Structures are given as C-alpha cells and as structure tokens.
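Asks: Below is one structure. I have some questions about it.
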Amino acid sequence: MAPSLLADWSNFYVIAGSAAAGLTGLTFVVIALAADAHQVNPVGLRAFVSPTIVHFGGVLALSAFLSMPHVGVGSLSIGLGIAGIAGVTYVSVIAIRMKLLTKAYVPFLEDWLCHVILPMLAYGALFAIAFTVSERPEQSLYGVAAVSLLLLFLGIHNSWDVAVWNTVKKEREPR
C-alpha cells in the first residue's frame, strides 16, 4: 500500500480518535453521576453503557492503528479482520444480555437497532473489508472511515439515550 494513501487519512483519524477519546471520558462522568444518584443497574450497565465504551474504544483503536507509520496491506488486513471478529463476538454477547433484561427493562426496536443490528453490521463490514483491502485499498479505507463514523454516532446516540433515560427515571421516582 502506498504510504501516501494512509497519510491522506491522518487528519480524519486524528479527529475521529480525539472525538472517541473525549466522548469516552464524558461517558465515564455520566456513569459517575448516575452512581452518585444510586441509579446504576449493573445488568443495564453491561447491556447498554459498556457497549458504548467499547464502540468509542474501537474507533480510538482504529484511529491509532491507521495512523501508525508503515502499516502495510497485510497488517491492515489482519488488524481489520481481528477487529471485525472481536466486534461481532462482542455484539453477540450484548444481544444475549439484552435478551436477559426482560425483567428490569424490555428493549424495544430502537434499542435492538442501535445496540445490536447496526453495530453488528459495522463490525461485520470491518471483517469483510479485511478481505478487500489488498485489491481495492482506496475504497476499503472509505469503508473503514464509514464504519468508524457509524460506531462514533452510535456511541453518541447510545450515550444520549442512557443519559435521558436516567433523567426521566429520576424525575418519575418519588423523592
């Protein structure tokens, strides 16, 4: 892979990685505030908040990996393949956790879409891109960028959803 091909993406990954890192920190602040209010449900935390941190971490890891010097086609393919498999596996675990949540909270279509379906497609796409990067490197890098943005926006949506849910739940509880 031509070194200039990845160099052209450096600003994108600096921005995406910085955003993911900053949003991860903000998510920790929200968790700490919810813990102070004694509203943290460990099962809900593992099913809804932990995946958000993993998606932000995934974007940060992709950004760091694609910003490293001397990344070749082989290492890029292997790294994307591993990230894709790890992501698909993790989202499968999240789907099981959400299925077990029915006593405390019944997930609805938006939950399944933003916590299982779209992340599964994103990580599955990373796995597929691992096989196309040697033949179509430029198009593959656009695919990785799209996956990064999807995971970043899913993390933002999911963080917002948890924050709003905690706020609404707090308002409904007797003081």
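The values are calculated or read from the model by the stated rules, or taken from the named source; none is laboratory data. Every value quoted in this text rests on a predicted model; they were computed, and no experiment measured them. Please note: Cβ atoms are built from the backbone with ideal geometry, for glycine as well, and neighbour counts cover all protein chains shown.
Asks: Restricting to segment 141-150, name every residue that is in contact (Cβ under 8 Å) with a residue 60 or more places away in the chain and buried (at least 17 other Cβ atoms within 10 Å of the Cβ).
Replies: Scanning segment 141-150 gives 141, 144, 147, 148.
Asks: Continuing with the same structure: Check whether at least one residue in segment 76-96 is out of contact with any strand residue (DSSP E or B) (no Cβ under 6 Å at 6 or more places or on another chain) and in contact (Cβ under 8 Å) with a residue 60 or more places away in the chain, and report yes or no.
Replies: Yes, that holds for at least one residue.
Asks: Same structure, new question: Output the number of residues of segment 55-68 satisfying the condition of being free of Cβ contacts under 8 Å to residues at least 24 places away in the same chain and more than 12 Å from the chain's Cα centre (by Cα).
Replies: Within segment 55-68, residues that are free of Cβ contacts under 8 Å to residues at least 24 places away in the same chain and more than 12 Å from the chain's Cα centre (by Cα) number 2.
Asks: Out of 78, 94, I need the residue that is in contact with a Pro (Cβ under 9 Å, 6 or more places away or on another chain) and either modelled with pLDDT of 90 or more or surrounded by fewer than 18 Cβ atoms within 10 Å (Cβ to Cβ) (or both). Which one?
Replies: Checking each option against the conditions leaves just 94.
Asks: Only residues that are on the phi < 0 side of the Ramachandran plot and either under 14 Å from the mean Cα position of the chain (by Cα) or not in a helix (DSSP H, G or I) (or both): list them for segment 69-79, please.
Replies: Matches in segment 69-79: 69, 71, 72.
Asks: Same structure again: When you look at residue 12, is it in a helix (DSSP H, G or I), over 24 Å from residue 130 (Cα atoms) and modelled with pLDDT of 75 or more, yes or no?
Replies: Judged against the criteria, residue 12 is not a match.
Asks: Oh, and also: Of the numbered conditions (1) crowded, with 20+ Cβ neighbours inside 10 Å; (2) on the phi > 0 side of the Ramachandran plot, residue 63 satisfies every one except a single condition; which is it?
Replies: With respect to (1) crowded, with 20+ Cβ neighbours inside 10 Å; (2) on the phi > 0 side of the Ramachandran plot, residue 63 is out only on (2).
Asks: Here is a follow-up. Pick out the one residue from 159, 148, 140 that is under 18 Å from residue 55 (Cβ atoms), at pLDDT 90 or above and among the small types (Gly, Ala, Ser).
Replies: Just one listed residue meets the conditions, 148.
Asks: In addition: Got at least one residue in segment 111-133 being closer than 28 Å to residue 26 by Cα and modelled with pLDDT under 90?
Replies: yes
Asks: Against the definition (farther than 17 Å from residue 53 by Cα, among the hydrophobic types (A, V, I, L, M, F, W, C) and without any contact (Cβ under 8 Å) to a residue 60 or more places away in the chain), how does residue 128 come out, yes or no?
Replies: Spelling it out, residue 128 is indeed farther than 17 Å from residue 53 by Cα, among the hydrophobic types (A, V, I, L, M, F, W, C) and without any contact (Cβ under 8 Å) to a residue 60 or more places away in the chain.
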